[in-house]
Amino acid sequence: MHFQCVSLRLVGRSLSPRFLHSSLTMSKRVQPSWSPPENQQTPVLELFNSLTRKKEVFVPQAGRRVTWYNCGPTVYDASHMGHARTYLSFDILRRVIQNYFGYDIFYVMNITDIDDKIIKRARQNHLYQQYLAEKHSLEKVLEDCNIVMEYFGGVVEKTTDPDKKIMQERMFEKLKVAVGSVETAVKSGDQGRVEEEKENLLREAKDVLSDWLDSKIGSSVTKNKIFSDLPRYWEEAFHKDMESLNVLPADCLTRVSEYVPEIVDYIQSIIDRNYAYESNGSVYFDVKQFDASPCHHYAKLVPEAFGDAKALAEGEGDLSADGQEKRSLNDFALWKKSKPGEPSWESPWGLGRPGWHIECSAMASAILGSSIDIHTGGYDLKFPHHDNEIAQSEAYFDNDVWIRYFLHSGHLTIAGCKMSKSLKNFITIQDVLKTYTARQLRITFLLHSWKDTLDYNDNTMELAKSYERTANEFFLGVKHILRSTPATGVAAFCKWGKDELELNKKLEKCKAGVHAAFCDNIDTRTVLETLRELITNSNSYLANPQPGALNRQLLKNVASYITEIFSVLGMISKDESVGFPVSGSADGVDLETLVLPYLSAMADFRDNVRVSAREIKASDILKECDRLRDDVLPNLGVRLEDKEAAQTVIKLVDRDVLMKEREEKKAVEEKKRLEKEAKKKEAADKAAALEAQKRIPPTEMFKSETDKYSQFDDKGFPTLTKDGEEIPKAQVKKLQKLYQAQEKKYSEYLKSQNEQ
């Protein structure tokens, strides 16, 4: 608000200065008007919506409440890195939207436990185990394997997918090699070796043998328990994998096998709306009828994929009917008539089971209703699975807004190659966790956009390990400062200088950058890079050599903020607790608070012992102090860092990390020792060679080189090459120099022998 001072003057005469002063004084005793400051527009959360293929401002339908449905796994094998890509990525998004932006999320996920892949795998496993239990003779096994190879050769010949064909050919070759090994063992007459190779053959033949058995007698498998035990086993393994990755569990989990009645009712409603039809005991969605409606639109996500026969066939599954029952090839199964060798449930159309796409529509609708805020899943599910979900659900509710925001995680490749469970080209989550930690894997995903392709390789994991190491060392350094300086009282607060103001400015800039990155489609890569820059700036501040010059509260603010964001991203695991903490218990106190007073006392005592040991040159005592630092404490998760003329730094670090550090240090030391020994041996060998060279009479030095020379004179000097030609003059001169040098060496050697 701007004011302009003006002279007040009445017509005909001026006001007196005294009167003017009195008037101004009275006006200033009234509270002046106030206006708020102009605030710059802050960014708002935008998400990349597959329905529009661009970033859209996120607006939930009911205030801060967000309904979210995520496509869960089809549980018939071990969870792999493709699963990690999907469920870790959406765990990160869920945490950010809930814990950073403060939305109240209700998160629903399904488990597909009725599916063509599950049925086929369950049958094959059962038949293979049954075959093993029958303990066939070697002759019978070889006979069957020969039939299998002939059968599988036909399968390979019919395969058109190049990647799948390569995989099949590899399996075929392994089987041929295993059969050959058995035949070789039989010829050797070694019965033990024969049995060993027979067992190996049965292992190598499992996939193709079980597929052959299924093609022959799969229809004989009738017990529903066989089809339910397999998914139950792998679902349990899936949940353990997600727990290992610190992925939050769903608020509500739905299984297809538990929702069959609801699915049947759902399908019947779609039939009643004239968007589906029964055919030979199966029910199909009428795509043409749905798409013809002015209120509906089929293939909202991938309209260009409409009519993609290959994608539609994959969506229908291996055990589907041949398509003759459909009115159109674009139609898809809502209910499948069960054939012999398949599980079945009652329905108005006869015994059958749900199609793949209908399960998500029915279960999500049962829990979340007619319009859902967010639906998530892998990129490869866009068409036909998710497009069919949308069509079914909008047909059921007769609306066109079943999903508001559709989010798809990007593909995952392994060292640049496509990964697929059906191609047997995958790495299980548990295999990855044998090499890397769950946090390192999460950091890898955070360093890439959730919607783009991520390549899993050694380099990407090294980048994650480096980031974790940088952050951890910063935290450990700050913790040391926090322990070393007063937390309260006069001494806890010191004047802010230029360095403090500058670091605080960078903290505020970091906060703004992190917020902007989160708003921009939850750009976690920029978030981590922004935090890394703050860590670098803070490390520069920490490097200040002046004792007592570091501002405790400022460093705590920086470290606490970074910790808060790491926690939001799921990089820091937290135990869930319910209710109030028990007074006086250790539940509310972290490990550092409990043990550091004792560790500090021990470190001080050790420092004093080392000082005294140096003074009296007690090397054994110093060695014992080093053993405590290098061997004893790391086993307890404690790292001591000795500092010259400064207090020992105490850091609590994961024991496995310290053990690995110790092994790496030992490996480096061993490498140096071996290199030193190798150099020493090399020098000794060289000296020995020189010594041995001295002992050779010049008359003998060339005679052993018969691969070069064929004739020598009476002094042993070469005269002809191995081909019988005269030696060139230039070469003769060189050989003469060598001969003369050897004469000198040999003369010195003889002289040294005479002196002895």
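The values are calculated or read from the model by the stated rules, or taken from the named source; none is laboratory data. Just so it is clear, the structure is predicted and the values come from calculations on it, not from any experiment. Note: ideal-geometry Cβ built from the backbone for every residue, glycine included; neighbour counts use all protein chains shown. For accessibility, only protein heavy atoms count, side chains too; no ligands or nucleic acids. Shrake-Rupley method; radii C 1.70, N 1.55, O 1.52, S 1.80 Å.
Structure notes:
- Restricting the range 478-492 to residues that are in contact (Cβ under 8 Å) with a residue 24 or more places away in the chain and among the aliphatic types (A, V, I, L, M), the residue that is most open to solvent (accessible area, probe 1.4 Å): A487
- Selection status of E473, farther than 16 Å from S560 by Cα and either free of Cβ contacts under 8 Å to residues at least 24 places away in the same chain or open to solvent by 80 Å² or more (accessible area, probe 1.4 Å) (or both): no
- Number of positions in the range 178-206 that are free of Cβ contacts under 8 Å to residues at least 60 places away in the same chain and either surrounded by 15 or more Cβ atoms within 10 Å (Cβ to Cβ) or small (G, A, S) (or both): 15
- Flag if R273 is touching a residue at least 40 places away in the same chain (Cβ under 8 Å), open to solvent by 30 Å² or more (accessible area, probe 1.4 Å) and over 38 Å from the mean Cα position of the chain (by Cα): yes
- Scanning the range 124-162 for residues that are open to solvent by less than 20 Å² (accessible area, probe 1.4 Å) and at pLDDT 90 or above gives L127, Y128, Y131, V141, D144, C145, V148.
- K495 without any contact (Cβ under 8 Å) to a residue 24 or more places away in the chain and assigned to a loop (DSSP other than H, G, I, E, B): yes
- Selection of the range 300-313 for residues being buried (at least 16 other Cβ atoms within 10 Å of the Cβ) and acidic (D, E) yields only D308.
- Flag for L175 being free of Cβ contacts under 8 Å to residues at least 60 places away in the same chain and open to solvent by less than 40 Å² (accessible area, probe 1.4 Å): yes
- Residues of the range 385-407 satisfying the condition of being open to solvent by 10 Å² or more (accessible area, probe 1.4 Å) and touching a strand residue (DSSP E or B) at 6+ places or on another chain (Cβ under 7 Å): I403, R404, Y405
- Where R94 falls short, out of the listed (1) more than 26 Å from the chain's Cα centre (by Cα); (2) crowded, with 20+ Cβ neighbours inside 10 Å; (3) closer than 30 Å to A366 by Cβ: (1)
- The residue that is farthest from V611 (Cα to Cα), among those in the range 646-658 that are open to solvent by 30 Å² or more (accessible area, probe 1.4 Å) and more than 23 Å from the chain's Cα centre (by Cα), is L652.
- Matching residues, the range 208-228, being buried (at least 19 other Cβ atoms within 10 Å of the Cβ) and assigned to a helix (DSSP H, G or I): V208, L209, S210, D211, W212, L213, D214, G218, F227
- Failed item in (1) part of a helix (DSSP H, G or I); (2) out of contact with any Lys or Arg (no Cβ under 6 Å at 6 or more places or on another chain), with A185 passing the rest: (2)
- Remark: E346 falls outside the filter, which requires a residue to be among the acidic types (D, E) and surrounded by 17 or more Cβ atoms within 10 Å (Cβ to Cβ).
- Some residue of the range 699-710 being at negative phi and assigned to a strand (DSSP E or B): yes
- For the residues P249, P231, the requirement of being surrounded by fewer than 18 Cβ atoms within 10 Å (Cβ to Cβ), within 38 Å of the chain's Cα centre (by Cα), under 22 Å from M363 (Cβ atoms) and not hydrophobic (A, V, I, L, M, F, W, C) singles out P249.
- Which numbered condition E462 misses (of (1) at pLDDT below 95; (2) open to solvent by 20 Å² or more (accessible area, probe 1.4 Å); (3) over 30 Å from I263 (Cα atoms)): (1)
- Taking residues in the range 555-569 that are within 22 Å of N544 (Cα to Cα) and in contact (Cβ under 8 Å) with a residue 40 or more places away in the chain, and partners anywhere that are in a helix (DSSP H, G or I) and open to solvent by 20 Å² or more (accessible area, probe 1.4 Å), the pairs with Cβ atoms closer than 6 Å and at least 6 places apart or on different chains are L555/I481.
- Identity of the residue in the range 314-330, modelled with pLDDT of 90 or more and in contact with a Leu (Cβ under 9 Å, 6 or more places away or on another chain), that ends up most open to solvent (accessible area, probe 1.4 Å): L329
- Filtered by the rule that a residue be modelled with pLDDT of 95 or more and open to solvent by 20 Å² or more (accessible area, probe 1.4 Å), the range 562-573 gives T563, E564, S567.
- Checking S370 against (1) over 18 Å from F290 (Cβ atoms); (2) hydroxyl-bearing (S, T, Y); (3) surrounded by fewer than 24 Cβ atoms within 10 Å (Cβ to Cβ), the condition it does not meet: (1)
- Residues in the range 281-315 that are under 27 Å from S344 (Cα atoms) and in contact with an Asp or Glu (Cβ under 8 Å, 6 or more places away or on another chain): S282, Y284, F285, D286, V287.
- Index of the failed condition, I616 passing every other in (1) under 46 Å from the mean Cα position of the chain (by Cα); (2) exposed (fewer than 11 other Cβ atoms within 10 Å of the Cβ); (3) among the β-branched types (V, I, T): (1)
- Neighbours by Cβ (under 7 Å, 6+ apart or cross-chain): first from the range 229-254, among the β-branched types (V, I, T); second open to solvent by 40 Å² or more (accessible area, probe 1.4 Å) and modelled with pLDDT of 95 or more: T254/I367
- Single match in S600, S540, S583, S577 (criterion: at pLDDT 85 or above and of a type in the set (S, T, Y)): S540
- Applying the condition of being in a loop (DSSP other than H, G, I, E, B) and closer than 18 Å to Q742 by Cα to the range 715-729 and asking which residue is most open to solvent (accessible area, probe 1.4 Å) yields K715.
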